Every structure is written in structure tokens, then in C-alpha cells.
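Chemist: Just dropping this structure here.
The values are calculated or read from the model by the stated rules, or taken from the named source; none is laboratory data. These figures come from a predicted structure and were not determined experimentally. Positions of Cβ are generated from backbone atoms using ideal geometry, with glycine treated the same way; all protein chains shown enter the neighbour counts.
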Amino acid sequence: MIKYIARNIIRFAILVLIQVLILNNIQFSGYINPYLYVLFILLMPFDTPKWVLLVSGFLLGLSIDAFTGTLGMHAFATTFMAFARPFVLQWFAPRDGYETGTLPRISYYGIEWFVKYSFILIIIHHFFLFYIEIFKFGGFFSTLSRVILSSIFTFLLVIISQYFVYRK
């Protein structure tokens, strides 16, 4: 248990640092923003209690907000992503359920399952983040294209991380 908590604290810190020090400085024409820090919520174990997911999502988003001065936008979007995660997992659950001791990774459930699971949660996160940022529906389609393009870029980073960092 202590090993699990320590590993997650280290993953949390590394993802926040990568986001703040590297990825927040990468913007393609100020339009596409990669948000790899959502990987923390995506990779939490299946049996993580819902309250731990919500608190982790809030603290993760709040950490990003503290470094970027975005006044709770990341906290809201990441908390909502953490809230939606159990529903998405239930939606894509294998017929016999998830095996005990496995984690939501490509190496356990395959690329098709991971693509569906992670892309939906990334879209949810980005949708709420970008629409809270503009706080109006006046530029609905331009913001929607920003959501989709940023989600694709974030998704590609998540997939790459699965093959280079989180191997079985």
C-alpha cells in the first residue's frame, strides 16, 4: 500500500512538472495545447475509490492552476474527468469485468480498449476546460475545433507514453 501511494505521488509530481515546465510552453499558434497531466487520472487503478479519484482530480487540477494562474479552470475540468471515469470504465468493461490486479493500460487491455477509454475522457476534460476558459458559446465551433485538435495531440502523447514508459 505504501509503495502504491509513493508511486502515485511521484507520478503526480512528475506529470505536473512536465506539464508546467515543458508542455505549457508548447502551443501551436496559441490554438493547440497538450495536457499530458490528465494521464494521472487515466492510469489510476480500477479499484480506486471514487472519493480518491475526485480528490486526486481536484488536487491535480489545482496544482496546474497554481502554476498557470487559471483560477480553478483545470481543477474543475480534471475533477469532472475524474467524476466521469467510473462511468466510462463501466461502459467499456469487458464481459467478465476487469481482472483483479490489472491497471488501465494498453499492455493489459489492448490498444482498441485504451483508445476508446482514454480519448473519451480526454475529450471530456478538454471540452470543459476550453469552454470554461472562454465562458461563452459565441465561438462554439472555433472552440470545438480547439477541443478536438488539442485532444488529439494530448491523446497522441498519452499513447506514446504507454509504449515508452508504462510497459508491462
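Chemist: Is there any pair with a first residue in region 71-82 that is under 17 Å from VAL147 (Cα atoms) and at pLDDT 95 or above and a second that is of a type outside the set (Lys, Arg) and assigned to a loop (DSSP other than H, G, I, E, B) whose Cβ atoms are under 7 Å apart and which are 6 or more apart or on different chains, and what are they?
Modeler: none
Chemist: On the given criteria, is SER63 more than 24 Å from SER145 (Cβ to Cβ), touching a Lys or Arg at 6+ places or on another chain (Cβ under 9 Å) and among the polar types (S, T, N, Q)?
Modeler: So SER63 does not fit the description; no.
Chemist: Being assigned to a helix (DSSP H, G or I), more than 24 Å from TYR31 (Cα to Cα) and among the acidic types (Asp, Glu) narrows it down to one residue among GLU99, GLU112, GLU133; which is it?
Modeler: Within the list GLU99, GLU112, GLU133, the selection yields GLU112.
Chemist: Take the residues of region 121-135 that are among the β-branched types (Val, Ile, Thr) and crowded, with 18+ Cβ neighbours inside 10 Å: which is farthest from THR154 (Cα to Cα)?
Modeler: ILE124
Chemist: Which pairs have Cβ atoms under 9 Å, sit 6 or more apart or on different chains, and link a residue in region 46-67 that is part of a loop (DSSP other than H, G, I, E, B) to one that is hydrophobic (A, V, I, L, M, F, W, C)?
Modeler: Filtered contacts from region 46-67: PHE46/LEU89; PHE46/LEU103.
Chemist: Restricted to region 128-154, and to residues that are touching a residue at least 40 places away in the same chain (Cβ under 8 Å) and not charged (D, E, K, R), which residue is nearest to THR68 (Cα to Cα)?
Modeler: LEU129
Chemist: Sticking with this structure for a sec: Look through PRO94, PRO104 and report the one residue that is part of a loop (DSSP other than H, G, I, E, B) and in contact (Cβ under 8 Å) with a residue 40 or more places away in the chain.
Modeler: None of the others qualify; the one that does is PRO104.
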